[in-house]
Amino acid sequence: MHPLRRSVPLLVRSSILGSVLVSSALGNHGPGTSGGGSSTASGETLRAGGFDLSLRTDITQYETFTRSEAAQRAIQNGDFDAIDRTFVESLSLAYGVTDDLQVGAQIGWYRGTNFVAAEDDGMGGTDVATADPSGATDLWLQGKYRFLLGPAGHLAAIAGVKLPTGKDDVHLSDGTPLEASSQPGSGAVDFQLGLAYSRYLTKRTTFDASGVYTRRGEHDDFRVGDRLDLGTAVAYRLTEDVRSFPNWSVSGELLLVWIGQDDDAGTRNGNSGGTTVYLAPGLRGRLDPHVAVSLAPAIPVYQDLDGDQPETRGKIAFTISFAF
């Protein structure tokens with residue numbers, strides 16, 4: 001039986017994860033599928049000697065299917081998988097090595113609700129199994145180097161590597177192991193490269209744009225599809241004096257995520273991969289010079305998924321960050 005291989009994107013904005021950490025793009029329907037809102041990376045870096053500690057909660061709601069509905073889809077298409085909701089709690093820490101170089105790490109906990117996998121048994125019926133997968137996610141080590149700073153703005157290069165430290169042995173109710181795209185950890189080493197740009201449009205308005213490509217590694221002859229995250233964001237500070245607290249700002253983002261198809265021992269999974277575009281408004285408050293909170297829903301406005309896959313209904317992220 002094939003566990004869920006679905007192209008639902010996760011994006012994480014620098015201001016939320018470690019102030020300037022980039023999204024940890026992991027599995028297709030595991031931790032790497034939950035996120036949204038405040039997801040465009042910033043071209044700015046932490047000051048030398050500065051730390052940023054962030055705790056982020058991501059909840060994603062999907063199109064729901066009962067066991068009988070999943071079985072019917074499997075009869076029509078050979079196999080079908082779905083999940084109702086995913087939850088990811090992420091902890092990240094970033095450090096400014098110099099004013100232009102920052103490094104960081106991110107790890108978390110993933111939980112999925114009502115995962116159902118159905119497969120045509122070849123005799124007019126279906127095999128159906130369920131799970132509520134949960135466990136620690138893989139560890140991302142990330143860095144950002146700002147190589148351009150001036151009146152035109154900030155431009156930085158982003159790089160990261162994911163180490164297979166997460167749980168990758170979750171099983172369905174019939175004893176079948178979930179594949180890497182549905183596990184809390186993929187079991188593979190992944191790499192990430194990208195660029196991020198930021199500038200002021202006015203004294204109270206900022207613009208950010210970023211692009212990050214994630215190259216997935218292989219584990220047990222299975223490779224989750226590669227991933228491309230593109231984002232643009234405009235933010236406006238509502239509080240006139242940046243030095244007064246609390247200090248509130250609003251933002252709007254347009255986010256595009258492409259995910260390639262999974263590869264199982266050289267065979268592509270036609271029910272994985274695709275492109276999703278999100279519209280993501282956000283609210284951020286700096287409570288004092290050291291503490292900030294943010295709330296960011298993300299609404300899918302375009303979904304072009306390969307094969308037969310459930311769609312994303314929406315997602316929301318809440319973050320609290322501590323700078324010191």
Here the FRET efficiency for S244 versus Q72, based on Cβ atoms and R0 = 51 Å and rounded to 0.05, is 0.30
Mind listing the phi-derived Karplus ³J(HN,Hα) values for the stretch 88-96, rounded to whole Hz, using 6.51, -1.76 and 1.60 with θ = phi - 60°, and x for any glycine or proline? 10, 10, 10, 10, 10, 9, 10, 9, x
If you add up the charges near V242, with Lys and Arg at +1 and Asp and Glu at -1, over every other residue whose beta carbon is less than 12 angstrom from its beta carbon, what do you get? +3
Computed [θ] at 222 nm, deg cm²/dmol, the chain (DSSP H ≥ 4; -39,500 (n - 2.57); rounded to nearest 500): -1000 deg cm²/dmol
With every protein chain in place, the accessible area of R216 for a 1.4 Å probe, in Å² rounded to the nearest 10, comes to 10
Students sometimes get this wrong: rank Y197, Y213, Y278 by accessible area, probe 1.4 Å, all chains present, largest first. Y213, Y197, Y278
Computed curve, the chain, Cα-only Debye sum without solvent term, log₁₀ I(q)/I(0) at 0.12, 0.13 Å⁻¹, is -0.75, -0.86
Leading residue at positive end of dipole, the stretch 178-324 (Cβ point charges), from P300, S198, S181: S198
Interatomic Cα distance distribution for the stretch 60-134, bins of 5 angstrom, percent: 3, 15, 18, 13, 11, 8, 7, 7, 6, 5, 4, 2, 1
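Counting only protein heavy atoms and a 1.4 Å probe, tell me what percentage of the chain's accessible area is made up of carbon and sulfur.
On the way: 7700 of 13010 Å².
Here it works out to 59 percent.
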Which of the lysines could a cross-linker bridge to K315, judged by Cα under 25 Å and excluding same-chain residues fewer than eight apart? K162, K167
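What does the charge dipole of the chain about its Cα centre add up to, to the nearest 20 debye, if the Cβ of each Lys and Arg holds +1 and the Cβ of each Asp and Glu holds -1?
1740
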Excluding residues fewer than 8 positions from K203 in its own chain, the aspartates and glutamates with Cα under 13 Å of it are E240, D241
Rule-of-thumb Rg ratio for the stretch 32-187 [Cα; 2.2 N^0.38 Å; N residues]: 1.36
Got a number for the accessible area of W248? Probe 1.4 Å, square angstrom, nearest 10. 90
The summed charge of the I316 Cβ neighbourhood (under 12 Å; Lys/Arg +1, Asp/Glu -1) stands at +3
To the nearest 10 degrees, the tilt of helix 67-77 (Cα long axis) against the first principal axis of the alpha carbons of the chain is 80
Can you list, bin by bin at 5 Å, the percent of alpha carbon pairs in the stretch 204-324, starting at 0? 2, 10, 15, 16, 16, 13, 10, 8, 6, 3, 1, 0
Gained length - E218 relative to L55, 0.36 nm times residue gap less alpha-carbon distance: 55.8 nm
Kirkwood-based shape ratio for the stretch 171-210, expressed as Rg/Rh from alpha carbons: 1.42
With the Cα gyration tensor of the stretch 135-234 in hand, give its eigenvalues times 5 under a square root as the equivalent ellipsoid semi-axes, listed largest first in whole angstrom. 36, 14, 11
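For the full complex of protein chains and a 1.4 angstrom probe, list K167, K162 by accessible area with the highest value first.
Result of the area sort, largest leading: K167, K162.
The values are calculated or read from the model by the stated rules, or taken from the named source; none is laboratory data. Since the model is a prediction, treat every value here as computed from it, not as a measurement. Reconstructed Cβ throughout: ideal geometry from the backbone, glycine too, with neighbour counts over all protein chains shown. Just the protein is used for accessible areas: all its heavy atoms, side chains included, with ligands, DNA and RNA removed. Shrake-Rupley method; radii C 1.70, N 1.55, O 1.52, S 1.80 Å.
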